[in-house]
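Novice: Sharing a structure below in structure tokens format, with a few things to ask.
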Amino acid sequence: MISLQNEVQSLYGSSMDMNNEVTKLSYAYGQSIGENMKSQGINNIDFFGLNKGLLDAFTNAQNPKMTPEQSQQFLNEYIGQLMAVKAEQAKEAGRKWLATNAQRSEIKVTESGLQYEVLKEGTGSKPVANSEVTVHYHGTLTSGEVFDSSVDRGQPATFGLGQVIKGWTEGLQLMNVGSKYKFYIPSELGYGERSPGGAIGPNEVLVFEVELLKLGK
């Protein structure tokens, strides 16, 4: 990262007139592009190539190094390869994390690989696969990063068990109304290789604390 900063410094120096609207617009676009590239796992870039591509696109260059179609095809293939590597690394890390977690005495593991622990056992009815339920939940990654939480919003969620990830469909059916469980959901029972966006990447293990408030709305 230091070498990238040095390269930018040598190319452009440190002086920019941020009172100039065009300069601010250009910087904002550059920052947006950089954040997007970083989020896709791209951590090395040739700034001369980047600027040349921008210049050719802006000036409708007659003989660009690549056509827009070639560029898009290359990007799709390159990003696809990066994501595949990232997904495989996440899957292996998830396997190891779950294997360690399963050794805890309070953890139960179902045949599908779903892990859970009982935080509070209720006495109400259990839902079935097509039930509608109202719950409070708090979802995190294994790192502890929160990605979604009805608890934080202060508003319970209502949904059908056929409308959610497999880990939820299976896990909620283990619970009586009034129960609070903590689920550790393998990627194959979550979103798998597809990322729903936000903090959840491909093949992520998902951790949910779920309290089953009632059946129906």
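Novice: Picking from Asn43, Asn203, Asn60, which is most flexible by a Gaussian network model of the chain using Cα springs under 10 Å?
Specialist: Among Asn43, Asn203, Asn60, the largest mean-square fluctuation in the Gaussian network model of the chain belongs to Asn60.
Novice: Provide the FRET efficiency to the nearest 0.05 for the Val146-Asn60 pair, computing r from the beta carbons and using R0 = 45 Å.
Specialist: Given R0 = 45 Å and the Cβ-Cβ separation, E is 0.45.
Novice: Another question, then. What is the spin-label model distance, in nm, from Glu117 to Leu25 if the labels are put 7 Å beyond Cα along the C-beta direction?
Specialist: Taking the two extended label points, one gets 5.5 nm.
Novice: Nearest 0.05, what FRET efficiency do Glu35 and Asn176 give at R0 = 35 Å with Cβ-Cβ as r?
Specialist: 0.20
Novice: In whole Å, largest first, what are the principal axis extents of the Cα atoms in segment 34-134?
Specialist: 73, 33, 22
Novice: Just to be sure I understand: with springs between alpha-carbon atoms less than 10 Å apart, which residue in Lys126, Lys52, Lys180 has the highest mean-square fluctuation in the Gaussian network model of the chain?
Specialist: Among Lys126, Lys52, Lys180, the largest GNM mean-square fluctuation belongs to Lys52.
Novice: Using θ = phi - 60° and the Karplus relation 6.51 cos²θ - 1.76 cosθ + 1.60, list the HN-Hα couplings for segment 76-93 in order, rounded to whole Hz, with x at every Gly or Pro.
Specialist: 4, 5, 5, 5, x, 5, 4, 5, 5, 5, 4, 5, 5, 5, 5, 5, 5, 4
Novice: Could I have the simple spin-label model distance between Asp17 and Ser71, label points 7 Å from Cα toward Cβ, reported in nm to one decimal?
Specialist: Once both label points are built, they end up 2.8 nm from each other.
Novice: Just tell me the longest site-free run in the chain, where the sites are GluC sites (Glu not before Pro) in a DSSP loop having at most 13 other beta-carbon atoms within 10 Å.
Specialist: So the longest stretch without any such site is 1-105.
Novice: Along its principal axes, what span do the Cα atoms of segment 81-170 show, with the longest given first and each in whole Å?
Specialist: 44, 30, 25
Novice: Return the sequence-ordered ³J(HN,Hα) values of segment 63-70 in whole Hz as given by the Karplus equation 6.51 cos²θ - 1.76 cosθ + 1.60 applied to θ = phi - 60°, using x for Gly and Pro.
Specialist: Listing the rounded values in order: 10, x, 5, 9, 6, x, 5, 5 Hz.
Novice: Calculate, in nm to one decimal, what Gln103 and Leu215 gain on full extension: separation in residues at 0.36 nm each, minus their alpha carbon distance.
Specialist: Here the segment from Gln103 to Leu215 would lengthen by 37.1 nm.
Novice: Taking 0.36 nm per intervening residue step and subtracting the Cα-Cα distance, what contour gain separates Ile165 from Asn51 on full extension?
Specialist: Here the answer is 36.7 nm.
Novice: Ignoring solvent entirely, what values of log10 I(q)/I(0) come out of the Debye formula for the chain at 0.13 Å⁻¹ when each Cα is a single scatterer?
Specialist: Result of the Debye calculation: -0.85.
Novice: Lys91: which lysines have alpha carbons under 27 Å from its alpha carbon, excluding same-chain residues fewer than 8 sequence positions away?
Specialist: Partners within reach: Lys38, Lys108, Lys166, Lys182.
Novice: Quick check on the chain: helices-only [θ] at 222 nm, where DSSP H runs of length 4 and up contribute -39,500 (n - 2.57) each and the sum goes over total residues. Nearest 500, please.
Specialist: Value at 222 nm, helices only, nearest 500: -13000 deg cm²/dmol.
Coordinate-derived values only; no laboratory data. Note that the structure is predicted; figures quoted are calculated from it, not measured. We place every Cβ from the backbone using ideal geometry, glycine too, and count neighbours over all the protein chains shown.
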